[in-house]
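These notes concern the structure reproduced below.
Nothing in this text is a laboratory measurement; each read-out follows from the coordinates by a stated rule. The structure presented is a predicted model; accordingly, all values stated were derived computationally and were not measured. Neighbour counts run over all protein chains shown; Cβ positions are idealised from the backbone, glycine included.
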Amino acid sequence: MHAAIQALTDTLAFRFDATASHSHSQRGLRRGVVGLAVGFLLLLNSALVFDLINDYHSSLGAAARTTMNVARTMEQHAARAFATTDQTLSGVADVLKATSAAIDPRPSIVDEFLERRYTMPPHVLAIVILDPQGKVAHASDLMARTPMSLADRDYFMRARDSADSAIHVGVPVVSRISNRPVIPVARRIPTADGSFAGVLVAYLDLNHFQRFYQDLDAGFAGTIALLRADGTLLITGPYGVAAPGTSLAEHAVFRKHLQRASSATVEGASGFGGQEWIASYRAVGDLPLVVVAGVDRQAVLSGWHDGLSLRVVLGVVISLVVVFFAVQLVRKIDNLDTTNRRLEEESGRRSEAEEARADALRRLKNTLAQSVEALAHTVEKRDPYTAGHQTRVAQLSVLIARELGLADERVDNIRLGALMHDIGKVGIPAELLTKPGRLSKEEFELIKTHSKIGHDIVRNIDFDPAVARIVAEHHERFDGTGYPNGLKGEHIALEARIVAVADVVEAITSHRPYRPALGLETAVNEIRKHRGSALDPAVVDACLRTLERDPAVIGTP
């Protein structure tokens, strides 16, 4: 962006010299017109590229935050579900310990306890006690008390071979007891001397988790999953591409990311189905579980691609308009050249030819000034909330200057400077200019650089130096509290002090992204409050007299 600004100031650094030779003047004018067009195109393209890069990173960042929030919600849900399951198994273990009969013979108190379904969480379908051989000894459901053997189940073998009573999560199965898809959660039952006495098993309703994930998936164009720590898929959302029980231990996402940290968000992971994913994963506390939330990277960027096409079309259209305008100016230069030669030939008097040439140069200079003003208005359109701001500030500034009795030449300089006082905002990201709400300290510091950027653009154009000083100093304050240089009192150009007061009045009476218009009365009270401190008292008094005569001079935002 700064390189484009420098290119613009370099190409515009020529002088309108009526005393130079005819050919030299014409070449200078053509260079000026071409330079202005090229500079504007550089600024336009730089702004478009900058916005595209920002939108690109914003889209990816928003997707990463979404997956992270979804993964955190899944982690909390899984932690609560398995914690209540563990508490239920602990309660059953306490009953077994109290009866002093772990497996056999079958005490009626254990069956009665297990039959109390209201003591179990809603996601637990049944609780079963397996003897050391893996046969059903007790069950919470009468139909589940069939003396079947579950010794071949992985959760029985994992709990049997465990050295402690930690819970073990099994592979999802269709229960032989309830004929429903379940997730077995098992815990080893030790005897008083620590030897193996059987296994406690809680069967979790797989549909309970899938209903929760279905609701969680609303508006989330991606995939979510609950996995065991060894990579076995337990549950997946409606967009999942693998069935429960599938091992993802060799999958790139699991192998490269899930085994390296307890939680992270990764972009560009080779994900499920061959796409590149933005994925967030989290370990579920101390449990042997991992939750994953991911979204297809290409789906995230689809909106950005649409914006890219729109910006390209817009850039081409504006570029064609600028080129057309530049061609018309060059033609005007050629026409003026022909007219001047004809006058010289017909009159034969050098003085008349020189006068006509000087007049043509002045008119062309005015045309170029209008082109610069058009550039300022074009840049202003990037922020729909402040469209027309510079025009309204210029109108009020001119009236204040006339109230102070300034000469016409100074009034013209004030008008042109006010029209371009915010041109430096072309170098500020568009999302900051339109951000609803207050800016952070870092964002405001970036906004404050627009005074220097604008001064860099304007200072080498052949206008009165007061124009460039307005652009550079319109945020300086009479008491030295302004920026960028902390100038004070008379060290600030009078023209800039006038624009500063008009800028405050217009800003307060206009709508902004973070608040509605506050009205003229509020603006008047504000400049009175800062009269003699932040604002020049003489300028404030002139502004108040102007507004008192005609309150409508500020215009309608």
Point to revise | Net charge of Cβ neighbours under 12 Å - reference Ser533; Lys, Arg +1; Asp, Glu -1 | key: +2
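Show me 154-164, 179-189 ranked by packing, highest mean number of other Cβ atoms within 10 Å first. Walk me through the numbers on the way to the answer.
Values: 154-164: 16.5, 179-189: 21.9.
Highest mean packing first, the order is 179-189, 154-164.
Which peptide among 131-140, 450-459 comes first, and what is the full order, when sorted by highest mean count of other Cβ atoms within 10 Å? Intermediate results must be reported in sequence, preceding the final value.
Numbers: 131-140: 19.5, 450-459: 21.5.
Output ranking for 131-140, 450-459: 450-459, 131-140.
How long is the gain from Leu518 to Lys435 if the chain were fully straight, where each residue apart is worth 0.36 nm and the alpha carbon distance is subtracted? Don't skip to the end; give the middle numbers.
Values: separation 83, 0.36 × 83 = 29.88 nm, distance 1.86 nm.
Once the chain is fully extended between Leu518 and Lys435, it gains 28.0 nm.
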Practice item. Using a cut-off of under 15 Å, list every residue of the stretch 30-60 whose amide N is near the label point 7 Å from the Cα of Ala299 along the Cα-to-beta-carbon line. Key: 60
Practice item. Could you tell me the distance between the Cα centroids of the stretch 392-409 and the stretch 447-477, to the nearest Å? Key: 18
Review point. Put a dot 7 Å past each Cα toward the Cβ at Asp86 and Val330; how far apart are the dots in nm?
Key: 7.7
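Can you tell me the order of 491-504, 194-207, 528-541 when each peptide is scored by its average per-residue count of other Cβ atoms within 10 angstrom, highest first? Spell out each step's value before the answer.
Numbers: 491-504: 23.9, 194-207: 20.6, 528-541: 17.3.
Top of the packing list down: 491-504, 194-207, 528-541.
Once Rh is set to the Kirkwood radius over Cα pairs, what Stokes-Einstein translational diffusion coefficient, in µm²/s, holds for the stretch 34-95 at a temperature of 25 °C and a viscosity of 0.890 mPa s?
Details: Rh = 16.3 Å.
It diffuses with D of about 150 µm²/s by this estimate.
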Review point. Rounded, prolate or oblate: which one fits the stretch 381-557, using the alpha carbon gyration tensor with axes a ≥ b ≥ c (rounded when a/c is under 1.5, else prolate when a/b beats b/c, else oblate)?
Key: rounded
